[in-house]
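Student: Following this message is one structure expressed as structure tokens.
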Amino acid sequence: MAVKEDRLSDIINGLHQKSVTKQAIYRNTKATFERMKEIAQDIVKKLTERVTKQDADVIIEYKNISEFEFHVKFSGDLLMFIMHSNIITFPDDCELMRNDYIEEDFRRRFFGHIMAYNFMADTIKYNRLDDPGYLVGRMLINIDRHFVIEGVKQMDLPYDRISQNVINNKTLRLIIESAMVAAVNNDLMGQDVSEIERITLKQKHENMITLPRKVGFHVSQDLTH
């Protein structure tokens, strides 16, 4: 009976520790995401002031979608910033987990995550559900408010050691601006004429005669260590 009670105690203690850890990480991630919303609005405001002096037709917009999502639209591009509500971890053989800082404290093995996806603005405008979006970067946030970035070249920020990567306003601004740079540099590619020589009436009615695609991104995991 004592052994069984000990097992129950171990289960309860384990659940409590993980629960407290995940709740703290969720709060860290939510606070970070709320700050990102504020910084994104400031970036949009400052860009609008500068851009409209040169070209009044260029529209830059911020839109709050929900507590877990916001959009930044500029020219033909749209960036979706999405916070996932769940806390995640990774397998032991993942490069990120083979890190002295992570191994020192089991609580550092868990992360909140925020993703940035690049869509064509017309994808949202015309509700083209089959259009793909492309991951620009993923931000992982731990219990210490340290972070790591996985992403494309423009997101290859000089914060490659999670033990030293502490979230601050300057970092968050750089992440958002870098995501915008990546989106601007991700051009549309037209289709080969052989791909559009036949269309269906459905495609015509749904304004899907041609479906240009973004080049997409090659996501590097060099920062996850």
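Student: Place a point 7 Å from Cα of Val51 in the direction of its Cβ. Which residues in region 59-74 have their backbone N less than 13 Å from it?
Tutor: 59-63, 72-74
Student: Moving on. Full-extension gain between Gln17 and Ile124, please, as 0.36 nm times their residue separation minus the C-alpha to C-alpha distance.
Tutor: Taking 0.36 nm per residue and subtracting the Cα distance, the gain is 34.4 nm.
Student: Going highest first, how would you order 122-134, 72-84, 166-178, 8-20 by mean Cβ packing within 10 Å?
Tutor: 72-84, 166-178, 122-134, 8-20
Student: With labels modelled as points extended 7 Å from the Cα through the Cβ direction, what inter-label distance (nm, one decimal) is found for Asp42 paired with Ile65?
Tutor: 2.4 nm
Student: Separate question: How would you order 107-120, 49-62 from highest to lowest mean count of nearby Cβ atoms within 10 Å?
Tutor: So the order, starting with the most tightly packed, is 107-120, 49-62.
Student: May I ask you to derive the FRET efficiency for Cys94 and Ser9 from their Cβ-Cβ distance with R0 = 35 Å, giving the value to the nearest 0.05?
Tutor: Once the sixth-power term is evaluated, E becomes 0.70.
Read the figures in this text as sums done on the coordinates, not as results from a lab. Keep in mind the model is a prediction, meaning the values are calculated, not measured. All Cβ positions, glycine included, derive from the backbone under ideal geometry; neighbour counts span all protein chains shown.
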